[in-house]
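Undergrad: Before I ask anything, let me first share the structure, which is written out below as structure tokens.
Derivation of every value follows stated rules applied to the coordinates shown; laboratory data play no part. Because the structure is predicted, anything quoted here is derived from the model rather than measured. Using ideal geometry, Cβ is built from the backbone for each residue, glycine included, and neighbour counts are taken over all protein chains shown.
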Amino acid sequence: MNYRLTIQYDGTRYDGWQRQGNTDNTIQGKLEDALFRLTGERAELHGAGRTDAGVHALGQVASVRLSGEFPPEELRRGLNGLLTEDIAVTAVAAAGERFHARLNATGKTYRYAIRLGDVPDVFRRRYQIHVEEALDLEAMERAAALLTGRHDYRSFCGNRKMKKSAIRTVDAITIRAKGNDVTLTFHGDGFLYHMVRILVGTLLEVGRGERSPEEMPAI
């Protein structure tokens, strides 16, 4: 039977989502190990996105096919009883036979939190970038508008040797400020390796006056 899982996790101490040959300390690996202990099946979990080391998730969607049939709520409770406190399955539902979390994903949203000022928030240090200097948010918004749309984002990919298409659609980049806290939200059909963090770095350069918004199309 095919299942859809919704998962949240604090990625601070993990080597990213995807199971890797050189480490067993991944979110996918921990979930698959918990599934094996619970069901006795070695099943592969497919995530909608492959988050990098240290990246957190509020609503990662994954799919898994099991030969046995398990009540979704019992599966959710059983997994949470085996997982560590920084990984939680928030929902499990039976899915159609053709459902695949990555192949059927229609969009992805990433958020970057920034703390401005000379004093960091020590209780949120794992979830924020600390920037001491003031940022020109209006200039950042102008740059963000030029970075949205359907473009070749190869210049914003962390893998310079990538041979696949780098064309992606970024539907929206929003910048919201509340006091000393700034949140950058990116929504699109998919993102290249390290693309969002490179976009954030570029927007911060604009905010600091190191680049002009008008440079964006030429990057």
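Undergrad: Just MET195, MET140, MET162 to compare: in a GNM of the chain, with alpha carbon springs under 10 Å, which one fluctuates most?
TA: MET162
Undergrad: Which GluC sites (Glu not before Pro) from region 35-77 combine a DSSP loop assignment with at most 12 other Cβ atoms within 10 Å? Mind dumping the intermediate values first?
TA: Details: sites: GLU41, GLU44, GLU69, GLU73, GLU74; in loops: GLU41, GLU44, GLU69.
When the GluC sites (Glu not before Pro) of region 35-77 are filtered for loop state and at most 12 Cβ neighbours within 10 Å, GLU44, GLU69 remain.
Undergrad: Still on this structure: Tell me which residues come under 5 Å, amide H to amide H, from THR169 once H is placed; ignore anything under 5 positions away on its chain.
TA: Hits under the 5 Å cutoff: ASP189, GLY190.
Undergrad: Please give the FRET efficiency for THR23 paired with ARG98, using the beta carbon to beta carbon distance and R0 = 25 Å, rounded to the nearest 0.05.
TA: On the way: r = 32 Å, r/R0 = 1.27.
Given R0 = 25 Å and the Cβ-Cβ separation, E is 0.20.
Undergrad: What is the angle, in °, between the Cα long axis of helix 72-82 and the longest principal axis of the Cα atoms in the chain? Nearest 10 is fine, range 0 to 90.
TA: For helix 72-82, the angle is close to 80 degrees.
Undergrad: Under the rule of at least 5 residues apart or a separate chain, name every residue whose amide H is placed under 5 Å from the amide H of GLY11.
TA: Correct list: HIS56, ALA57.
Undergrad: Now for a different question. Take the Cβ-Cβ distance between GLU133 and LYS108 as r, set R0 to 35 Å, and report the resulting FRET efficiency rounded to the nearest 0.05. Spell out each step's value before the answer.
TA: On the way: r = 30 Å, r/R0 = 0.86.
The pair GLU133/LYS108 has a calculated efficiency of 0.70.
Undergrad: Check GLY49: other-chain or 5+ apart residues with amide H under 5 Å from its amide H, H built from backbone geometry?
TA: Result for GLY49 returns VAL61.
Undergrad: Report ³J(HN,Hα) in whole Hz for each residue of region 10-15, in order, from the Karplus equation J = 6.51 cos²θ - 1.76 cosθ + 1.60 where θ = phi - 60°; Gly and Pro get x.
TA: Per-residue couplings from phi come out as 9, x, 3, 9, 10, 8 Hz.
Undergrad: Just want the answer: with Cβ charges of +1 for Lys and Arg and -1 for Asp and Glu, which residue in LEU38, MET162, LEU116 is farthest toward the dipole's positive end in the chain?
TA: It is MET162.
Undergrad: Stretch LEU58-LEU82 to full length: gain in nm at 0.36 nm per residue minus the Cα-Cα span?
TA: Working: separation 24, 0.36 × 24 = 8.64 nm, distance 1.94 nm.
Taking 0.36 nm per residue and subtracting the Cα distance, the gain is 6.7 nm.
Undergrad: Return the Cα extents of the chain along principal axes one, two and three, sorted largest first, each rounded to a whole Å.
TA: Dimensions of the chain along the principal axes of its Cα atoms: 57, 40, 31 Å.
Undergrad: So if R0 is 30 Å, what FRET efficiency would THR185 and PHE123 give, r being the distance between their Cβ atoms, rounded to the nearest 0.05?
TA: Working: r = 22 Å, r/R0 = 0.73.
That pair, THR185 with PHE123, gives E of 0.85.
Undergrad: Could you name the lysines in cross-link range of LYS164, using Cα to Cα under 20 Å and dropping any fewer than eight places away on the same chain?
TA: LYS108
Undergrad: For the chain, what does the helix formula give at 222 nm: sum of -39500 (n - 2.57) over DSSP H segments with n ≥ 4, over the residue count, nearest 500 deg cm²/dmol? List each step's numbers first, then the result.
TA: Working: 4 runs with 48 residues, N = 219.
The per-residue figure over the chain is -7000 deg cm²/dmol.
Undergrad: Here is a follow-up. Cβ under 14 Å from GLU210's Cβ, GLU210 left aside: what net charge do those residues give with Lys, Arg +1 and Asp, Glu -1?
TA: -3
Undergrad: About its Cα centre, what dipole magnitude does region 2-94 give when the only charges are +1 on Lys and Arg Cβ and -1 on Asp and Glu Cβ, stated in debye to the nearest 20?
TA: 140
Undergrad: Further question on the same structure: Please state the relative contact order of region 108-218 as a whole percent: Cα pairs under 8 Å, 6+ residues apart?
TA: Details: 192 pairs, mean separation 37.9, N = 111.
After rounding, I find 34 percent.
Undergrad: Would you kindly derive the ³J(HN,Hα) couplings of region 150-164 from the backbone phi angles with the Karplus curve 6.51 cos²θ - 1.76 cosθ + 1.60 (θ = phi - 60°), listing them in order in whole Hz, with x for Gly and Pro?
TA: Computed from phi, the couplings for region 150-164 are 9, 9, 8, 9, 4, 5, 9, 9, x, 9, 5, 8, 4, 9, 6 Hz.
Undergrad: Along region 62-68, what does the Karplus equation 6.51 cos²θ - 1.76 cosθ + 1.60 (θ = phi - 60°) give for ³J(HN,Hα), rounded to whole Hz, x for Gly and Pro?
TA: Whole-Hz 3J(HN,Hα) from phi for region 62-68: 9, 10, 8, 10, 10, 6, x.
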